[in-house]
Amino acid sequence: MSDIKLAPAPPGVTGSGFFATTLDKAVGLARANSLWPLPFATSCCGIEFMATMGATYDLARFGAERPSFSPRQSDMLLVMGTIAKKMGPVLKQVYIQMAEPRWVIAVGACASSGGIFDTYSVLQGIDEVIPVDVYVPGCPPRPEAILDGVMRLQEIVRTESVRRRETEEYKALLESYGIHKNG
């Protein structure tokens, strides 16, 4: 038993039970592992999301175990499926109603680029109406791809500065979509 060697302590440790880090890293870690998804599903990608939430793939393992159907109680919007141009203002309103910080995943070919529906009535990607953080490819994407998209978003959230949402760059991004910081 005395032959067991522990891994070396990471930099920042100042004593037994103490670890020094930055506020950005602590908040980022907490946010990344407690995302509350809002599924905005209009077609087949929604079925794949249901499988992702099920026991086999279990999205809850990644801290997203509480799907919310209220935009005011969620911070991760998953847009899944074909979005008609008439649905664009509704999607934008849902996005605006979400509290900051908020993130968006475009799930599948239709949400990312309009998919096979290159018509006058279908948005050719939801990034025409709201900013997107992660794109998940596929038609429809498998649950593994959706999990990969969530993990990529977690990495973005984990490394994002606490003050990023107050920068002029972020305000300009929202303004380019016609979204004002105060609603």
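Tabulated data
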quantity	calculated
Every residue from the range 35-51 that is of a type in the set (S, T, N, Q) and modelled with pLDDT of 90 or more	Thr42
Residue count, the range 95-123 (criterion: open to solvent by less than 10 Å² (accessible area, probe 1.4 Å), more than 24 Å from Glu175 (Cβ to Cβ) and either modelled with pLDDT under 90 or among the small types (Gly, Ala, Ser) (or both))	2
Criterion: of a type outside the set (Lys, Arg), in a helix (DSSP H, G or I) and crowded, with 16+ Cβ neighbours inside 10 Å - qualifying residue of Leu77, Leu153	Leu153
Candidates Gly46, Gly115 - the one that is assigned to a loop (DSSP other than H, G, I, E, B) and free of Cβ contacts under 8 Å to residues at least 40 places away in the same chain	Gly115
Residue check, Arg31 open to solvent by 40 Å² or more (accessible area, probe 1.4 Å), charged (D, E, K, R) and in contact (Cβ under 8 Å) with a residue 60 or more places away in the chain	yes
Count of the range 42-57 residues which are open to solvent by 10 Å² or more (accessible area, probe 1.4 Å) and over 17 Å from Leu153 (Cβ atoms)	9
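The values are calculated or read from the model by the stated rules, or taken from the named source; none is laboratory data. Model, not experiment: these values are computed from the prediction. Neighbour counts are summed over all protein chains in view; Cβ atoms, including those assigned to glycine, are modelled from backbone coordinates with ideal geometry. Accessible surface areas use protein heavy atoms only, side chains included; no ligands, DNA or RNA. Shrake-Rupley method; radii C 1.70, N 1.55, O 1.52, S 1.80 Å.
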